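Chemist: I have a structure here, written as structure tokens, and I will follow up with some questions on it.
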Amino acid sequence: MKKGWTRLPFIFSLLFLTSLVAVSFLYTYVLKDHIKTPPTFLYDGNGKIMKMRPFPPSFDFPFGVDRLGNNLFWLVIDGAKYTILIGLSVSLLRVGLSAFIGIIYGIYLQKMRTLFTTFERAFRFIPAILLVMLFFDVNLFSDATKGFSYIVSIIFWLTIVSLPSLVHAIGNDVSHFSNEDFITASRAIGATKFRIIRKHVMPFLRSRILLMIVQQMISVLLLLIHLGVFRIFVGGSTTIQLDTVNSITFPNSNEWSSLIGVSYKELMLDQWIVFGPSIAFILTLIAFNVMKRMLEGTQEEIAIPKNEKMSSKELNQIKKSDFAFKEAVVTNID
């Protein structure tokens, strides 16, 4: 049986995502200073002004140019590393913490199962976006609403909102797995709970860890999209006061959800303004979904022993005539 992460669709999707992050770093630290800034005006062949910024998508500017003169294509490329790496960090933390707590819950705390199940079911009905919005501006490490400490605080809140459901799912899997016959036999001959975890439960979870990480990555990306719609900037924001009444807010990073949020008000004027980050989110979600399908397909396959498989030739030899019944003749003997 071929492993999911060795299949070509999985490898191509992984190469696309790693290339996207690599090009993002390359742009930020190498290419950024060598790329020409878009012009303020577009001119026709006679030198007359045709259009002023913003410019819609074209061959020269695939995702268009915003009112501030930013090439949206390169903004999306620059934001790829923030979006994908923040999502990956949150996914790793979610799965790591949930696996650790879930093992303890599934092995040692089964007496609290009813209480925890009640709490998890109640928690499940609260949308994650509402919980994140409540605590988004709460920086656990300082009073700043920007900078590295703010991003770490955001990663913490994005991690916490999914822990109850994930811990409950992993804990139940571990609990059911620990009732298998071979584990019961291990207990009978004196195996401790710690040895069962190390020799049986950890290998059982190890085969599912990669799938859980990919699933959580998709969940985090969808949550980031919702945050962008509500104009909540993951990397923090800076507000510039234009006068006593008007102000303008800029995200501190080009993270994709922030690009959607900062341009949300312009949708009524230029619908294409969120085209770039939306396409980036769609392609990234497709890549992760392909990876998820490959991993799920591997786990759903049942390995049939070689000596139990039947070839198509052998199946065709089984015909209805092979099961023909002969008529029995019964005679009465006086």
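The values are calculated or read from the model by the stated rules, or taken from the named source; none is laboratory data. The model shown is predicted, which means the values in this text are computed figures rather than measured ones. When we count neighbours, we look across all protein chains shown, and the Cβ atoms used for this are built from the backbone with ideal geometry, even at glycine. Areas reflect the complete protein model, heavy atoms only, side chains present, ligands, DNA and RNA absent. Shrake-Rupley method; radii C 1.70, N 1.55, O 1.52, S 1.80 Å.
Chemist: Hey, can you grab everything whose amide H is under 5 Å from the amide H of GLY236? Only 5+ residues off in sequence or another chain; H modelled, so Pro and N-termini drop out.
Modeler: ASN252
Chemist: Between region 221-284 and region 159-179, what is the C-alpha centre distance in whole Å?
Modeler: 35 Å
Chemist: Stick to Cα atoms and the Kirkwood definition of Rh, then tell me Rg/Rh for region 199-298.
Modeler: 1.18
Chemist: From the phi angles alone, apply the Karplus equation (6.51, -1.76, 1.60; θ = phi - 60°) to region 19-26 and give each ³J(HN,Hα) in whole Hz, x where the residue is Gly or Pro.
Modeler: Couplings: 5, 4, 5, 5, 5, 4, 5, 4 Hz.
Chemist: For the pair PHE230 and GLN110, how long in nm is the line joining their label points, each one 7 Å along Cα→Cβ?
Modeler: 3.9 nm
Chemist: Mind checking the per residue accessible area of region 87-239 for me, 1.4 Å probe, whole number of Å²?
Modeler: Value for region 87-239: 54 Å² per residue.
Chemist: Each residue of region 76-88 in order: what ³J(HN,Hα) in whole Hz does its phi give by Karplus 6.51 cos²θ - 1.76 cosθ + 1.60, θ = phi - 60°, with x for Gly and Pro?
Modeler: 5, 4, 5, x, 4, 5, 5, 5, 6, 6, 5, x, 5
Chemist: Further question: Once you have the Cα-Cα distance between PHE135 and ILE35, take 0.36 nm times their residue separation minus that, and quote the gain in nm to one decimal.
Modeler: Additional length available on full extension: 32.1 nm.
Chemist: For ARG121 and ILE189, calculate 0.36 nm times their separation in residues minus their Cα-Cα distance, and state this gained length in nm to one decimal.
Modeler: Fully extending the segment from ARG121 to ILE189 adds 20.7 nm.
Chemist: If you don't mind, another one. Tell me, what HN-Hα J-couplings in whole Hz come from the Karplus equation 6.51 cos²θ - 1.76 cosθ + 1.60 at θ = phi - 60° for each residue of region 200-208, using x for Gly and Pro?
Modeler: 10, 5, 4, x, 4, 6, 4, 6, 10
Chemist: Here is a further query. Set the Förster radius R0 to 35 Å, insert the Cβ-Cβ distance between SER58 and LEU15 as r into 1/(1 + (r/R0)^6), and round the FRET efficiency to 0.05. Don't skip to the end; give the middle numbers.
Modeler: Numbers: r = 29 Å, r/R0 = 0.82.
Given R0 = 35 Å and the Cβ-Cβ separation, E is 0.75.
Chemist: SER207 to SER89: extension gain in nm, 0.36 nm per residue of separation minus the Cα-Cα distance?
Modeler: Extending this stretch completely gives an extra 40.5 nm.
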